[in-house]
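Every number in this text was worked out from the coordinates using simple rules, so none of it is lab data. Predicted model, so just to flag it, every value in this text is computed and none were measured. Positions of Cβ are backbone-derived with ideal geometry, glycine not excepted, and every protein chain shown enters the neighbour counts.
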Amino acid sequence: MSEDATISNQGPITLEPGATGHLPEIAFRKMKPEQAEARKLETFLETGQTLAGTYGLKGAISRVLETMDRHHGMMRGVVMLLDPDTHDMRIAASHGLDESGVRRIKYRVGEG
């Protein structure tokens, strides 16, 4: 399975995903500037569609992190949100981290 993108005046670009269905990091380093720019725009578009198409914020954030992995080879990432009751920053969504450890991570505002 390959992903095709078209850049004006350049024709289709075929990027081959690895065994996990995600592009290896080396593929991003070998992209021409035009290809990298097209990939960024594709990421922005998919992220906007994900956030606009759902009411579940945490699920949408998880899907955005998956998009970052799929499009840019992101290995690990977190999005933290402020807990209004405790005023702690807690992980709302993560990618590539052990879930049992993620639940224990918290920061106070201004810490870390």
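Odds and ends about this structure:
- Paramagnetic reach from Val109 in the range 75-89 [backbone N under 17 Å; point 7 Å along Cα→Cβ]: 80-89
- Full extension of the segment from Leu82 to Lys40, taken as 0.36 nm per residue of separation minus the current Cα-Cα distance, would add 12.3 nm.
- For the range 26-112, alpha-carbon Rg over 2.2 N^0.38 Å: 1.27
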